[in-house]
1. Could you identify the single residue in 12, 57 that is modelled with pLDDT of 95 or more, on the phi < 0 side of the Ramachandran plot, surrounded by 15 or more Cβ atoms within 10 Å (Cβ to Cβ) and under 22 Å from the mean Cα position of the chain (by Cα)?
2. How many residues are modelled with pLDDT of 95 or more, among the acidic types (Asp, Glu) and touching a Leu at 6+ places or on another chain (Cβ under 6 Å) when one looks only at the stretch 225-249?
3. What number of residues in the stretch 225-241 are assigned to a loop (DSSP other than H, G, I, E, B) and open to solvent by less than 20 Å² (accessible area, probe 1.4 Å)?
4. Has the stretch 214-224 got any residue that is among the small types (Gly, Ala, Ser), assigned to a strand (DSSP E or B) and assigned by the TED database to the domain that holds residue 76?
5. On the basis of being within 27 Å of residue 273 (Cα to Cα) and at pLDDT below 95, does residue 119 make the cut?
6. One residue is enough: does the stretch 116-126 have a residue meeting the conditions surrounded by fewer than 20 Cβ atoms within 10 Å (Cβ to Cβ) and within 20 Å of residue 330 (Cα to Cα)?
7. Just to check your reading of the model, which residue among 276, 265 is under 30 Å from residue 158 (Cβ atoms) and either in the same structural domain as residue 44 (by the TED database) or outside any loop (DSSP other than H, G, I, E, B) (or both)?
8. If the Cβ limit is 9 Å and pairs must be 6+ apart or interchain, which residue in the stretch 167-188 that is without any contact (Cβ under 8 Å) to a residue 40 or more places away in the chain pairs with which residue that is of a type in the set (D, E, K, R)?
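The values are calculated or read from the model by the stated rules, or taken from the named source; none is laboratory data. Everything quoted here is computed from the prediction, not taken from an experiment. When we count neighbours, we look across all protein chains shown, and the Cβ atoms used for this are built from the backbone with ideal geometry, even at glycine. We work out accessible area using only protein heavy atoms, side chains counted, and drop any ligands, DNA or RNA first. Shrake-Rupley method; radii C 1.70, N 1.55, O 1.52, S 1.80 Å.
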Amino acid sequence: MDKQQTWPQGVFPARLIELLASQGAIMTSRPFDIDQVQPASLDLRLGDVAYRVRSSFLPGPSHSVAERIEALKLHEIDLTKGAVLERGCVYLVPLQESLALPPEVSASANPKSSTGRLDVFTRVIGDRARGFDQMPAGYHGPLYLEVSPRTFPILARTGSRLSQMRFRSGDTRLNIAEHKALHERDTLVFDGSIPVGEGVALSIDLKGAGRDGLIGFRSRRHTAVVDVDKKGALDVLDFWDPLYNRGREELILDPDEFYILVSDEAVHVPPTHAAEMVPFDPLVGEFRVHYAGFFDPGFGHSSAGGTGSRAVLEVRSREVPFLLGHQQTIGRLIYETLAEAPDRLYGSALGSNYQAQTLKLSKHFKPFPA
């Protein structure tokens, strides 16, 4: 690697991710897929084997992930021809990508949007890690993906992409004043009543914008397998119960049930920035947005095929039933500066699945209503 390379501060767009790879900071056992590098993130691919383990774990400062797997594994599963990963089980999968990051470059990971909408719990870990989904600046070592389907059994294989990684240098998150200035210039949320401060607060839509009053979906139990690599193959009603507004504009979340809902606001990520959705406040109630998610530059942007897009929310109650009301705040978007102008945007030109979305299930399902 060129030791004289200076990396600009900010979230790395696609060109810099590809430069990292060309200089050996991202190593792969197989060449990148043609669409693997996204506008500001890199999809991570499963390797050839999955290890069923007794429990989730962090290796801690004294152990490699491989050492922990050896102590906890129940059996090995060959992924080269595809294999079913059962709900309620924990699997560790070595990824095809590994890292040799420069001293000033760190990385973080999140489930891909489609992964979260299937209620598949994933977390990336590295050797001697003290936390999930965070690779410290200068990390050298392999990457592993913890996979635990919570609702549907899934069929996955070598090369399946369930998680994505973002690379950055420096402190990239905007402060309150910077969020306000960006909103003034580029309109981050298309609702004048929504305050912009420490990010953009998102509330829940329980009114239902369409004529039929559809507000969301609740997952069904004891379903067939979902093939994570097949688009538009499954009938919605075999896996989901649709939920409608019956005049109450509220919804009681049942414990241990999984819901797909949508934000009341349409949001926008300008080409100069990326964003991440985080829980609003863990103290506001006994529910949580199931997975935080990355929003690439261009999400909801007019030149990329969007005029603002709703944020789809994966919601689960904790120990007790919990009543959600229409426009109750449930999460927020935190914006980050890109290290340079991107050469591609999230949107129709890339075949992005969720541009200009409203309420939408993962790409694996046929449109609803048919």
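1. Of the residues listed, the single one that is modelled with pLDDT of 95 or more, on the phi < 0 side of the Ramachandran plot, surrounded by 15 or more Cβ atoms within 10 Å (Cβ to Cβ) and under 22 Å from the mean Cα position of the chain (by Cα) is 12.
2. Count: 1.
3. Of the residues in that region, 2 qualify.
4. The answer is no; no qualifying residue exists.
5. In short, no.
6. Yes, the conditions are met somewhere in the stretch 116-126.
7. Going through 276, 265 in turn, just one is under 30 Å from residue 158 (Cβ atoms) and either in the same structural domain as residue 44 (by the TED database) or outside any loop (DSSP other than H, G, I, E, B) (or both): 276.
8. Filtered contacts from the stretch 167-188: 175/198; 176/198.
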